[in-house]
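First the structure, in the form of structure tokens, and then the observations on it.
The values are calculated or read from the model by the stated rules, or taken from the named source; none is laboratory data. These numbers come from a predicted model, not from an experiment. When we count neighbours, we look across all protein chains shown, and the Cβ atoms used for this are built from the backbone with ideal geometry, even at glycine. To get the accessible areas, we keep the full protein, side chains included, count just its heavy atoms, and leave off ligands, DNA and RNA. Shrake-Rupley method; radii C 1.70, N 1.55, O 1.52, S 1.80 Å.
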Amino acid sequence: MIRRRIWKICSLSLIFDAEDKKWLDYLSESEIDKLSSEGDLLLPNLPESIQNILQKCREIVTFINKEAADKPQDEQRKAIVDALDKYVKSIDSFDPYDEYDESWLVCTLREFISLYRWNIPARMNSNDSSEMDFVVRIWSRLDTCFDNLHIDTRRDTSKSSSSSFC
């Protein structure tokens, strides 16, 4: 019973939060302290190749925001989307087996650029959009970052979860 309940909590997040008092229902304070002291608590740095792609995207957005500051917001968005699209299309392809993270990033950038091209995030910010609409149109694109780790995300209308089948 306890294993099932702990698994259920763990399945909701792949990151153990030692500050979550709910764990005291399952673990002693000394066990939580031991788990907290294991490993590096900091996330690792992104690979340089990914940092370079993201930095170039930031530079494009900053440049266009300065250049088009006096233009209507729709024109600014179009200029940013078009410039990012041109840049992302110019990136050499990455091998999805050996360079999964880079390949995923480029693919995801293309998908998000398309969403912004058609102003989907702003359109989803209406009273007519549900949380599930947001999940389907936006969040689900992030789920694919787990594909090469054999972690599958599952959803229904009441909850989301992740599980590993390693």
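What to note about this one:
- Residue list for the stretch 120-166, filter: under 26 Å from Y97 (Cα atoms), at pLDDT below 85 and either small (G, A, S) or more than 18 Å from the chain's Cα centre (by Cα) (or both): S161, S162, S163, S164, F165, C166
- Exclusive hit being assigned to a helix (DSSP H, G or I), open to solvent by 40 Å² or more (accessible area, probe 1.4 Å) and in contact (Cβ under 8 Å) with a residue 40 or more places away in the chain, set C145, C57, C107: C145
- Among (1) modelled with pLDDT under 95; (2) open to solvent by 70 Å² or more (accessible area, probe 1.4 Å), the one test that K78 misses: (1)
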